[in-house]
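*Asks:* Would you mind keeping the following structure in view while I ask a few things?
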Amino acid sequence: MIKRKSKREIELMHEAGKLLAGVHKELRTFIKPGVTTMEVEKFVESYLEKHGATGEQKGYQGYEFTTCASINDEICHGFPRDEKLKEGDIVTIDMVVNLNGFLADSAWTHPVGEISEEAQKLLDVTKTSLYKAIEKAQVGNRIGDLGHAIQSYAEGEGYSVVRDFTGHGIGETIHEDPYIPHFGQAGKGARLKEGMVITIEPMINIGTYANKMDENNWTARTLDGSLSAQYEHTIAITKDGPLILTEQDDI
């Protein structure tokens, strides 16, 4: 069942989203060669605690951390660890923030120092694909319009779109209906209605979209070892167009 949020609920989620966006902005300078993703984890936990928030992922279905930290060929759900990040790595930090009982979800791929042109283009295409889908997040459009916008653009640039992980509805719980695939046909799927709040979170690979799971049964990585990037926003569907609740550029 798709839950539509009130204006007040969206405002509360927006407050959580602004806090989350603030974390990612801080990580732009915190993440550098020699830093570990476990240090990122501790930084995020401390930041949230100082602002009266918590990480909703910690304890979710047994997950032990506040963040997911996925490096290079890891698509999603990478564990924070004591391995030092190296010059040229890319690392996706994904988190769900709970502020006063309302949630926001955002992932961002951060470059570690100077990265290759190949890696930078992957980041640019992935981020652009997210915003192309957000443009389609209009009342009356369908979920397939979002996936089609991502797939047609990313594949047109020579990349592949991960199939096995999707966006989703969000509110007072992390995962709600509907699920938001990042591929598909325009004009298909459930219709978007005012008050829906969803995540759009394309995971784009340089090589194949196929993945394999690590032994921890959480971390997915590209089957061919190619780089993967992800950008994610939480978006409210409003009569005035999509409202990005986790936008970093307006705080």
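The values are calculated or read from the model by the stated rules, or taken from the named source; none is laboratory data. The model shown is predicted, which means the values in this text are computed figures rather than measured ones. Cβ coordinates were reconstructed from backbone atoms using ideal geometry, including for glycine residues, and neighbour counts include every protein chain displayed. Accessible surface is based on the protein model in full, side chains and every heavy atom, while ligands, DNA and RNA are left aside. Shrake-Rupley method; radii C 1.70, N 1.55, O 1.52, S 1.80 Å.
*Asks:* When the residues of segment 13-37 are narrowed to those that are in a helix (DSSP H, G or I) and open to solvent by 40 Å² or more (accessible area, probe 1.4 Å), which ends up nearest to ILE244 (Cα to Cα)?
*Replies:* Filtering first and then ranking leaves LYS18.
*Asks:* Out of the residues in segment 135-172 meeting the condition of being within 30 Å of ASN100 (Cβ to Cβ) and open to solvent by 10 Å² or more (accessible area, probe 1.4 Å), tell me which one is farthest from the chain's Cα centre (by Cα).
*Replies:* The first filter runs over segment 135-172 and keeps only residues within 30 Å of ASN100 (Cβ to Cβ), leaving 137-139, 143, 146, 165-172.
Then drop every residue that is not open to solvent by 10 Å² or more (accessible area, probe 1.4 Å), which leaves 138-139, 143, 165-166, 172.
Numbers: GLN138: 20, VAL139: 22, ILE143: 17, PHE165: 11, THR166: 10, GLU172: 18 Å.
Restricting to residues being within 30 Å of ASN100 (Cβ to Cβ) and open to solvent by 10 Å² or more (accessible area, probe 1.4 Å), the top hit is VAL139.
*Asks:* Within segment 118-125, is even one residue within 25 Å of LEU19 (Cβ to Cβ), touching a Leu at 6+ places or on another chain (Cβ under 6 Å) and either touching a residue at least 60 places away in the same chain (Cβ under 8 Å) or open to solvent by 60 Å² or more (accessible area, probe 1.4 Å) (or both)?
*Replies:* Checked against the condition, which is being within 25 Å of LEU19 (Cβ to Cβ), touching a Leu at 6+ places or on another chain (Cβ under 6 Å) and either touching a residue at least 60 places away in the same chain (Cβ under 8 Å) or open to solvent by 60 Å² or more (accessible area, probe 1.4 Å) (or both), segment 118-125 yields no hits at all.
*Asks:* Just a yes or no: is a residue in segment 236-244 surrounded by fewer than 21 Cβ atoms within 10 Å (Cβ to Cβ), outside any strand (DSSP E or B) and at pLDDT below 95?
*Replies:* no
*Asks:* Of all the residues that make up segment 133-149, how many are in a helix (DSSP H, G or I), among the charged types (D, E, K, R) and in contact with a Leu (Cβ under 9 Å, 6 or more places away or on another chain)?
*Replies:* Residues that pass the stated criteria total 1.
*Asks:* Is there any pair linking a residue in segment 21-49 that is among the small types (Gly, Ala, Ser) to one that is in a helix (DSSP H, G or I), with Cβ under 8 Å and at least six apart or on different chains, and which?
*Replies:* Close Cβ pairs (under 8 Å, with a partner that is in a helix (DSSP H, G or I)) amount to GLY22/TYR47.
*Asks:* Let me ask something else. Could you list all residues from segment 138-154 that are aliphatic (A, V, I, L, M) and farther than 10 Å from GLY189 by Cβ?
*Replies:* VAL139, ALA149, ILE150, ALA154
*Asks:* Another one. Anything in segment 59-102 that is of a type outside the set (Val, Ile, Thr), assigned to a strand (DSSP E or B) and within 17 Å of TYR47 (Cα to Cα)? List them, or say none.
*Replies:* CYS68, ALA69, ASP94, MET95, ASN98, LEU99
*Asks:* THR92 - would you say it is modelled with pLDDT of 95 or more, among the hydroxyl-bearing types (Ser, Thr, Tyr) and farther than 19 Å from ASN217 by Cα?
*Replies:* Spelling it out, it is not the case that THR92 is modelled with pLDDT of 95 or more, among the hydroxyl-bearing types (Ser, Thr, Tyr) and farther than 19 Å from ASN217 by Cα.
*Asks:* Could you check segment 188-217 and list, in sequence order, the residues that are exposed (fewer than 14 other Cβ atoms within 10 Å of the Cβ) and touching a helix residue (DSSP H, G or I) at 6+ places or on another chain (Cβ under 6 Å)?
*Replies:* Passing the criteria: only LYS188.
*Asks:* Please work out which residue is nearest to the chain's Cα centre (by Cα), limiting yourself to segment 189-206 and to residues that are more than 14 Å from GLN151 (Cα to Cα) and assigned to a loop (DSSP other than H, G, I, E, B).
*Replies:* Among them, the one singled out is MET196.
*Asks:* I've got another one for you. So which residues in segment 109-124 are in a strand (DSSP E or B) and within 18 Å of LYS42 (Cβ to Cβ)?
*Replies:* Residue satisfying the conditions is HIS110 alone.
*Asks:* Determine which member of the set GLY101, GLY52, GLY78 is at pLDDT 95 or above and closer than 28 Å to LEU122 by Cβ.
*Replies:* Criteria check complete, one pass: GLY78.
*Asks:* Among the residues of segment 22-34, is any more than 22 Å from GLU114 (Cα to Cα) and not basic (Lys, Arg)? Outline the logic, then answer.
*Replies:* Filtering segment 22-34 down to residues more than 22 Å from GLU114 (Cα to Cα) leaves 22.
If we keep only those that are not basic (Lys, Arg) as well, we get 22.
Scanning segment 22-34 turns up at least one residue that is more than 22 Å from GLU114 (Cα to Cα) and not basic (Lys, Arg).
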